[in-house]
Amino acid sequence: MIRVLNDGRVELLDSSTNPMRSIYRAARICRGESPFGGTRKPIKDGDVERLVAQCLELEHNTPIEKAYFEFAVRCPIFVARQWMRHRMSSYNELSLRYNKAERAFYVPNMSPEVWEAYSAYRFPVSEKQDILSDHRILKAVMEADIQNYGDSSMLTTILSYEHQYNDYIAMVKNGVPGERARGVLGTGFYTEFIWGVNAWSLFHWMKQRLSFHAQNEHYLYANTVLDILAEKFPTLTKLFLSAIEKECRKEPVTTSRTETPELATDDEIRSTGLFKGIWGDK
């Protein structure tokens, strides 16, 4: 499990036992190599890597779809809504119809350590569902020394979300069903979901969300998934990044339609922001 933002998390729950070989077997059957034996040849690691790289480069996606991954994700609701626009995946999300919302929300530029300190000062564990006064909230802000970690918008964000949660709790205590009361909670509150995705859809998601054009919060989650994959499946991750780099080089770097497009150089890829993950920017 890896922490993201002030209170987010990502964890790889499950995956194909050997994603590279799953892709290789699916690709080889196209050339008449039966998975039942007979025409099946011994698998060599070098052959596997070359064939998977070729599938990525040629966008021969159906064999790549045979590898599968499952992640647990905790992120702000607005990040989850962007995430779920990638429809070729399977999602199961925590329901606020059947569960009470947590007093947990995204505060930009706040580290997990500062968030934990603030949360500890807000209230005893036994009172987590109580309505908090502004005095108690501001006292927790002072005790956690939050004013030294960000600008004035940080305090505004905290007060706004604390007031929303107070309203939510008050409505629930007055008998309003949770499925209705949740409507007062903003999209900065955290949600949790399980994300099932095949390797091709994961590859496409990484291309989109590791781009300079991606919203920073979503980029940080994509970079975290990249780190998890790099540790668990280093060869497949290397091939993913290599394929994306080659795709970046195909982008024309001229802006005039009358000019002849040229292939982008390394420096031009960096400057135009087509993809930042492969350069190690975090």
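A few points about this structure:
- Test: residue in region 75-87 that is of a type outside the set (D, E, K, R), out of contact with any Leu (no Cβ under 9 Å at 6 or more places or on another chain) and more than 17 Å from residue 202 (Cβ to Cβ): yes
- Boolean, residue 89 is closer than 21 Å to residue 20 by Cβ and small (Gly, Ala, Ser): yes
- Scope region 186-213; condition over 30 Å from residue 22 (Cα atoms) and surrounded by fewer than 18 Cβ atoms within 10 Å (Cβ to Cβ); matching residues: 186, 187, 212, 213
- Region 187-201, residues that are touching a strand residue (DSSP E or B) at 6+ places or on another chain (Cβ under 7 Å) and not small (Gly, Ala, Ser): 187, 189, 190, 191, 192, 193, 194, 195, 197, 198
- Long-range neighbours under 8 Å by Cβ, at least six apart or interchain, first residue touching a residue at least 12 places away in the same chain (Cβ under 8 Å) and more than 15 Å from residue 23 (Cα to Cα) within region 233-246, second part of a helix (DSSP H, G or I) and of a type in the set (Asp, Glu): 243/57; 246/57
Every number here is computed from the coordinates shown, using simple stated rules; none is lab data. These numbers come from a predicted model, not from an experiment. Please note: Cβ atoms are built from the backbone with ideal geometry, for glycine as well, and neighbour counts cover all protein chains shown.
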